[in-house]
Amino acid sequence: MDPHIESLYDHLDEWIPAGMVDFSHFDFMHPWDIGLISLLAIKHQATVGDGNIVLPRNANLRSYLKRMHFHTFLRELGCAHSAALFDSILISEHENMGLQEILHCRYLDDFSARLAHFERMFKNFGLGEEDAHRALIIVGEFGNNVFDHNLGNWPTNFSGSLIAAQNYPRLKRIEMIVADAGVGFLGSLQNAFPDLQTDIAAIKKGLEGNTGRIGEKRGNGLKTIQQWTIGNFHGVITIHSGSGLVQVDEHGIEEKEVAPIVGTLAQFVIYYE
Amino acid sequence: MNNVMTTLELKKFGRILNSRSFAREAVLRVKQIINGEKDTAEDLVLDFAEVEVVTPSFADEFIRGLRELYPQKEIKMRGTEGNPVLDDVLKIVEEGKTIDSDVID
């Protein structure tokens, strides 16, 4: 398991005490961390309330979060007070061009319309034409799944997908997340596979290429993007759905029971030449 | 079977083809495009020239939809030269055994 992600979950109880999402002690954040905090904020929306999201003390990290448009997400969540804390931070949007700000695509058409933008983003990050197309299909399939499996069935008032990415040019590594506050793997697959009992089992079932849509010939999307991420990019797929956390890379599959979220946080990490 | 072909230029549907719902809409559009033609055994050629990206979801739903709509037609594909990712997607869809089609040059 990625040591950063493992450490993040090991200390989760410390930064989500009752009624709060407190990440004041953070000094650095990956897209995964932002996705996880976003889903936790959505999950605890009713109890957290505005003002109970404690932002990082680290000024550089606050600037980074502003550059990531985290304040826009907070406002959307109704946390105007927390969002206003970013108002005094002045940044240039041209700083740190190696990222994709948090995008909230409410509808599939919204998401599909962004694909041309993501293609340009991958090329700007340093991917060649073929790799950019392959990476675009990976994010496309993750995004399609969000809408295919949650349409008409969102468990909260927050629908759609949250997308963010960061390029690390020295490492030639791209991390991209697709998060949604939907029914999760178990909620989606249990219709077709009623014997499924745990989130981890459901994620693994989905990664094998199974679908929860009864009576339809489909599936294989997740299996394909898993094969491409690992086989073509020597990368890593990480999925947190419900209380299950599963990571797959060329060394195999690892799993862990973690604190539950509403919906799914999926990440692919790819390496490029 | 004769050699008459109906050719569909996929670029007219978009440069990036994504999602099952868009594929279902595209199948209905194809039905309109070839409306009036008899459902004979003539070939249906999908020309992917100038299409950059097709997601497996779109490809699966689109090709399977056409197969169900025109079971007598043979579905062939061309215009994938120089686009190895597109080739891979079409192979994946074929290997998924949700369609039964040939690839032509």
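The values are calculated or read from the model by the stated rules, or taken from the named source; none is laboratory data. Small disclaimer: the values here were computed from a predicted structure and weren't measured. Every residue, glycine among them, receives a Cβ derived from its backbone with ideal geometry; neighbour counts consider all protein chains shown.
Could you tell me how many of the residues in segment B:38-57 are within 14 Å of chain A (Cβ to nearest Cβ) and outside any strand (DSSP E or B)? Spell out the reasoning first.
Start the filter on segment B:38-57 by keeping residues that are within 14 Å of chain A (Cβ to nearest Cβ), which leaves B:48, B:50-57.
Retained after the next criterion (residues that are outside any strand (DSSP E or B)): B:48, B:50-52, B:55-57.
Number of matching residues: 7.
When segment A:130-153 is filtered for residues that are modelled with pLDDT under 95 and over 22 Å from residue A:32 (Cα atoms), the ones remaining, listed by number, are A:148, A:151, A:152, A:153. Of everything listed in (1) in contact (Cβ under 8 Å) with a residue 40 or more places away in the chain; (2) out of contact with any Phe, Trp or Tyr (no Cβ under 6 Å at 6 or more places or on another chain); (3) over 22 Å from residue A:260 (Cβ atoms), the single unmet condition for residue A:170 is (1). Answer yes or no: is there a residue in segment A:11-21 that is crowded, with 18+ Cβ neighbours inside 10 Å, under 17 Å from the mean Cα position of the chain (by Cα) and in contact (Cβ under 8 Å) with a residue 40 or more places away in the chain. No - not one qualifying residue is present in segment A:11-21.
When residue A:266 is tested against (1) in a loop (DSSP other than H, G, I, E, B); (2) at pLDDT 95 or above; (3) not hydroxyl-bearing (Ser, Thr, Tyr), just one condition goes unmet, and that condition is (1).
If the condition is being closer than 23 Å to residue A:230 by Cβ and in contact (Cβ under 8 Å) with a residue 24 or more places away in the chain, then segment A:189-200 contributes A:199, A:200.
Based on what the data block shows, is residue A:225 buried (at least 23 other Cβ atoms within 10 Å of the Cβ) and within 14 Å of chain B (Cβ to nearest Cβ)? So residue A:225 passes the test.
The one condition from (1) of a type in the set (A, V, I, L, M, F, W, C); (2) more than 14 Å from chain B (Cβ to nearest Cβ); (3) under 14 Å from the mean Cα position of the chain (by Cα) that residue A:154 does not meet is (3).
Kindly check whether there is at least one residue in segment A:65-82 that is of a type in the set (S, T, N, Q) and assigned to a helix (DSSP H, G or I). Yes, some residue in segment A:65-82 is of a type in the set (S, T, N, Q) and assigned to a helix (DSSP H, G or I).
Summed over segment A:128-171, the residues that are outside any loop (DSSP other than H, G, I, E, B) and not aromatic (Phe, Trp, Tyr) give a count of 25. Figure legend. Inter-residue proximity from segment A:128-149: first residues small (Gly, Ala, Ser), second residues in a helix (DSSP H, G or I), beta-carbon distance below 7 Å, spacing 6+ or different chains. Indicated pairs: A:132/A:119; A:132/A:122; A:132/A:123; A:135/A:122; A:140/A:115; A:143/A:111.
Every condition in (1) under 23 Å from residue A:230 (Cβ atoms); (2) of a type in the set (A, V, I, L, M, F, W, C); (3) buried (at least 18 other Cβ atoms within 10 Å of the Cβ) is met by residue A:171 except one, and the failing one is (3).
Could you grab me the full set of residues in segment A:190-221 that are of a type outside the set (Asp, Glu) and at pLDDT below 85? I'd like the intermediate steps shown before the answer.
Initial filter on segment A:190-221 (of a type outside the set (Asp, Glu)): A:190-194, A:196-198, A:200-207, A:209-215, A:217-221.
Across segment A:190-221, the qualifying residues are A:209, A:210, A:211, A:212, A:213, A:214, A:215, A:217, A:218, A:219, A:220, A:221.
Does residue B:60 qualify as being modelled with pLDDT of 90 or more and either within 12 Å of the chain's Cα centre (by Cα) or away from chain A (no Cβ under 12 Å) (or both)? I'd like the intermediate steps shown before the answer.
Details: modelled with pLDDT of 90 or more: yes; either within 12 Å of the chain's Cα centre (by Cα) or away from chain A (no Cβ under 12 Å) (or both): yes.
Yes: the conditions hold for residue B:60.
Of all residues in segment A:92-141, those satisfying the criterion of being surrounded by 14 or more Cβ atoms within 10 Å (Cβ to Cβ) and more than 13 Å from every other protein chain (Cβ to nearest Cβ) are A:96, A:98, A:99, A:100, A:101, A:102, A:103, A:104, A:121, A:125, A:126. Just one residue in the set A:165, A:181 is surrounded by 21 or more Cβ atoms within 10 Å (Cβ to Cβ), in contact with a Ser or Thr (Cβ under 9 Å, 6 or more places away or on another chain) and either more than 23 Å from residue B:56 (Cβ to Cβ) or among the aliphatic types (A, V, I, L, M) (or both); that residue is A:181.
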